[in-house]
Amino acid sequence: MMYSRPRHFTIGELATLFIVLLTLASTLAGCGSSGSSTTTNPTLTYWHLWTDKFYGGIQDDLVHTFNKTQPGFTVNPQRQGDTSKFLSTVSAGNPPDVYMVPTGPIQLAVQGALMPLDNYVKDSKVIKQSDFWPGAWATCTYHGHIYCIPYVYDSFALFWNKDLFKAAGLDPNKPPTTWAELETYTQKLTKRDSKGAITQLGFAPWIGSTSAAEWPMWADGSQMWNYQTGTPTMDQAGNAAALQWEVDWAKKFGGYDQLQRFNSSFSGNTNFLGQKVAMWVGESYYLSSLQQFEPNVNFGVASFGVPRPDASHPYINGSVDGNMLAIPTGSKHPDQAWKFIEWNATTGVRDWVTREGDLSARKADITVQPTVLKEPYRSDYKIFADLLRGSNIFYNQGSPVDLYYYTERDNQFDLARRGAKSPEQALKDLQTGVQAQLTKALAHYHG
């Protein structure tokens, strides 16, 4: 989803957030629904995460449609997706009535910031678990409780610039399918100036991958979490092998610092990604971004998802991350909030898909055509939709310590790529830190 990338926090911010979360856990322990509001025609506050004119404007317009067609109360949309601000409002007892969760719903739930929706879902004639992709629904559940409703999700695949392929003497219609081919292609596609600085990059595993940062681990048959048991598995050998591949990649293409300097030259405006980088792992929402900001890029999308290490590994059909709708603990109008969620997670999201080009979390919406996308973008959208049906698909189901995990994962990965730590040590340190945070978080869970 556009702007769904998890926000990365500094250590100081994480410390502040953790204090807020602990306060929430102790203050809100045992709290449940505050019941239906007795106010006639109340106005609900809805925080969504799209702050820009295009995406934010579409979501605002959906709310206005709801207000015109669903009498009884009014929803006031606000463009605010900052997790720390959200937590502050919950702690102060004045949260929005509905919250579009940008990332980490399980952590927010464990610390008491989100209301369990079990009874609402049980009584609903609109929201049914079977209507959603299994991994999407799992993202919203913890220890048997439902804390949010899936809204939109992204799958991931390899993009490539066909014109850059052709200029390098490569078949523009044949993307690399293994890591060996990926390296060979990158050697041919990378350009440098007279001083040796990179001016065009073939590929780097971490550039452009956004919230699919763990795709090399998935491709290598490993995972950073065991979501069935809720335990971290960062120090697995498969994860170390995948991170070592990234370390070796950095060495082969000028060193991590040089690659990051190249990345920073356009990272402030990622709309030039397709012109500066020949191949990148991207999310489905990038189609609408290409159409809007880089319409001259002649690109392809890999129907197999991302390249596999070698022929013995199965292709990854895709990986998924997304956004969800939740009712914050302390909402003044929870019953009305649920009615809005029922509408927005069904009728509203279908309209969102047609106008924005995202992927709905509901199975029935997989055939919905995004009219906002022209050809060839619309045909490529079908590739991403089909990836959701694949048997070898990875879901980021979340954990009780996501806010810590995302930031510390990137910190440790950076240290390994720079050569400051071995991949094994970086992953061991990550595992130790995550486990310590997990123990603290679960000590305050009352679900």
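Across the stretch 81-99, the number of residues qualifying as part of a helix (DSSP H, G or I) and aliphatic (A, V, I, L, M) comes to 2.
The condition of being surrounded by 19 or more Cβ atoms within 10 Å (Cβ to Cβ), of a type in the set (Ser, Thr, Tyr) and outside the structural domain of Tyr286 (by TED's automatic domain parsing) does not hold for Tyr406.
When Ser4, Ser37 are checked against the criterion of being modelled with pLDDT under 90, surrounded by 14 or more Cβ atoms within 10 Å (Cβ to Cβ), of a type in the set (S, T, N, Q) and under 24 Å from Ser399 (Cβ atoms), a single residue qualifies: Ser4. Could you tell me whether Asp380 is within 21 Å of the chain's Cα centre (by Cα), part of a helix (DSSP H, G or I) and outside the structural domain of Gly255 (by TED's automatic domain parsing)? Answer is yes for this residue.
Mind checking which residues of the stretch 327-344 are crowded, with 24+ Cβ neighbours inside 10 Å and small (Gly, Ala, Ser)? Those that are crowded, with 24+ Cβ neighbours inside 10 Å and small (Gly, Ala, Ser): Ser331, Ala337.
Taken over the stretch 347-370, the residue count meeting the criterion of being within 20 Å of the chain's Cα centre (by Cα), in contact (Cβ under 8 Å) with a residue 60 or more places away in the chain and over 20 Å from Asp52 (Cα atoms) is 4.
Here is a yes/no grid of residues against (1) basic (Lys, Arg); (2) surrounded by fewer than 21 Cβ atoms within 10 Å (Cβ to Cβ); (3) closer than 29 Å to Glu424 by Cβ:
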residue	(1), (2), (3)
Ala219	no, no, yes
Met224	no, no, yes
Asn239	no, no, yes
Lys251	yes, yes, yes
Gln258	no, yes, yes
Ser265	no, yes, no
Ser288	no, no, no
Gln291	no, yes, no
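Under the condition of being in contact (Cβ under 8 Å) with a residue 24 or more places away in the chain and small (Gly, Ala, Ser), which residue from the stretch 395-421 is nearest to Asn323 (Cα to Cα)? Only one residue tops the list, namely Gly398. The criterion of at least 3 residues that are crowded, with 21+ Cβ neighbours inside 10 Å and touching a residue at least 40 places away in the same chain (Cβ under 8 Å) is met, among strands (runs of 3 or more DSSP E) falling completely within the stretch 117-208, by 149-154, 156-161. For Tyr315, the stated conditions hold: it is over 27 Å from Thr83 (Cβ atoms) and in the same structural domain as Ser288 (by TED's automatic domain parsing).
Just one of the numbered conditions (1) over 16 Å from Ser155 (Cβ atoms); (2) touching a Leu at 6+ places or on another chain (Cβ under 8 Å) is not true of Val301: (1).
The residue of the stretch 270-315 that is nearest to Ile207 (Cα to Cα), among those that are in a helix (DSSP H, G or I) and polar (S, T, N, Q), is Thr270.
The values are calculated or read from the model by the stated rules, or taken from the named source; none is laboratory data. Computed from a predicted structure; not experimentally measured. Note that we place each Cβ from the backbone using ideal geometry, even for glycine, and neighbour counts take in every protein chain shown.
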